[in-house]
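Chemist: Structure provided below as structure tokens; questions to follow.
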Amino acid sequence: MKKWFLLFVLGGLLMTGCQSEEAKTYQNPVFEPVIADPSIVYAHDGYFYVYGTEDHFGDERGQPLIPIIRSKDLVEWEYVGEALEEKPEWKDQGFLWAPDIVHRNDKYYLYYAVSTWGDPDPGIGIAISENPEGPFEDLGNLFTSSEIDVRNSIDPMFYEYDGKNYLFWGSFHGIYGVELSEDGLEVTGEKFRVAGNAFEAPYIIERDGYFYFFASLGSCCEGLNSKYRVAVGRAESIEGPYLDKDGNDLLDSEGTLILKGESEEDSESVFVGPGHNAIITDDEGTDWIVYHAIERDKPYLPLGATRRPLMIDPIIWEDGWPTIKGSIPSSEPQKAPVFND
């Protein structure tokens, strides 16, 4: 009798544990008040780290030079600190925007942009650290707009494929790619164009024989007036051509829309201006889009800048194309990402 009772109790505990795991949920936003233009990496210490654009938090954290947050599950996040201890010296002025993080050669490489609004010569720099929380050592600039001959050279994204390193970048003056050196610190190839003037914030993943190009369109930072959104194209080669779902080249097309804000006239809408995404995959094989958006009831930070908290949503693959449920940010509790650790 005792043996059967013990088995019954253990079975009940196991079932309760399974139900608890299945019931785990999240609700957007997953971090506030701001982590704009997020880039994500799974680090050697078992945490996911997200790095964002320089913004003033409006509290004791001030205006971190590339804020860093971390999480075990993409749902519960904690603030870590800032990536850089001081502004890079290779540019006279500018804010640190849209970083991209990559772990390679046992180090963390942080590609970042330095720019101001309307900057005639923004550029992209590199910083390195042995630890994801930093501090990062700044190595100077990879190139400026004038050096690479691409206007508004911001929003870097590193990609390694077939033994070669690439950097993709650009903001409303064409999206470009270029091959980098083996150590990722110098430009070695000739730039090539993959998308037209409609886009910024490129992000590329490879799935089932295709390269999928995600990018953002519209205004990122106009509060409730933001028209930011995400579109996608795909190609059979890393260098393109990237085509939308109808077969149109992204050099001329605005891509296939997958994520947008609800209309300003819709009184039930919760978020506007979703965009500038990264992508991470959970242990069930679900791809998660990581991005920022703007809450209708809290659109601004205390000092007046657009408030852009962190968001996540699952990608649903249909007929070889990524989609987001309803093409809008989720606002109700959803099933959380699954990580077996």
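Chemist: When the residues of region 98-112 are filtered to those that are open to solvent by less than 10 Å² (accessible area, probe 1.4 Å) and among the hydroxyl-bearing types (Ser, Thr, Tyr), which remaining residue is farthest from Leu167 (Cα to Cα)?
Modeler: For region 98-112, the residue satisfying everything is Tyr108.
Chemist: Would you check if there is a residue in region 23-36 being farther than 22 Å from Lys335 by Cβ, part of a helix (DSSP H, G or I) and either open to solvent by 80 Å² or more (accessible area, probe 1.4 Å) or at pLDDT 95 or above (or both)?
Modeler: no
Chemist: Here's a follow-up. Looking only at residues that are open to solvent by 40 Å² or more (accessible area, probe 1.4 Å), of a type outside the set (Gly, Ala, Ser) and in a loop (DSSP other than H, G, I, E, B) in region 299-327, which one is nearest to Trp117 (Cα to Cα)?
Modeler: The selected residue is Leu303.
Residue-wise test of (1) in contact with a helix residue (DSSP H, G or I) (Cβ under 8 Å, 6 or more places away or on another chain); (2) open to solvent by 10 Å² or more (accessible area, probe 1.4 Å); (3) in contact (Cβ under 8 Å) with a residue 60 or more places away in the chain; (4) of a type in the set (A, V, I, L, M).
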| residue | (1), (2), (3), (4) |
| --- | --- |
| Gly140 | no, yes, no, no |
| Glu160 | no, yes, no, no |
| Gly184 | no, no, yes, no |
| Lys191 | yes, yes, no, no |
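Chemist: Contact list please: Cβ distance under 6 Å, first residue in region 92-112 and without any contact (Cβ under 8 Å) to a residue 60 or more places away in the chain and over 10 Å from Ile126 (Cα atoms), second residue among the hydrophobic types (A, V, I, L, M, F, W, C) and open to solvent by less than 30 Å² (accessible area, probe 1.4 Å), pairs at least six apart or on different chains.
Modeler: Gly94/Val114; Leu96/Leu65; Leu96/Ile66; Lys107/Ile128
Chemist: Something else: Being over 19 Å from Ala293 (Cα atoms), more than 14 Å from the chain's Cα centre (by Cα) and not small (Gly, Ala, Ser) is the filter here; which residues of region 26-62 pass it? Break it down stepwise before answering.
Modeler: Here is the first cut: in region 26-62, the residues over 19 Å from Ala293 (Cα atoms) are 41-48, 59-62.
Then keep just the ones that are more than 14 Å from the chain's Cα centre (by Cα); that gives 43-47, 59-62.
Once the filter is applied, which keeps residues that are over 19 Å from Ala293 (Cα atoms), more than 14 Å from the chain's Cα centre (by Cα) and not small (Gly, Ala, Ser), region 26-62 yields His44, Asp45, Tyr47, Asp59, Glu60, Arg61.
Chemist: If you don't mind, another one. Tell me which strands (runs of 3 or more DSSP E) are completely within region 215-298 and hold 1 or more residues being touching a Gly at 6+ places or on another chain (Cβ under 7 Å), among the charged types (D, E, K, R) and surrounded by 18 or more Cβ atoms within 10 Å (Cβ to Cβ), or say none if there are none. Show your work before the answer.
Modeler: Values: elements: 229-235, 256-260, 271-281, 287-295.
The strands (runs of 3 or more DSSP E) meeting that bar are 229-235.
The values are calculated or read from the model by the stated rules, or taken from the named source; none is laboratory data. The structure presented is a predicted model; accordingly, all values stated were derived computationally and were not measured. Counting neighbours? That spans all protein chains shown, and the Cβs are built from the backbone with ideal geometry, glycine included. These accessible areas exclude ligands, DNA and RNA; they are computed on the full protein's heavy atoms, side chains included. Shrake-Rupley method; radii C 1.70, N 1.55, O 1.52, S 1.80 Å.
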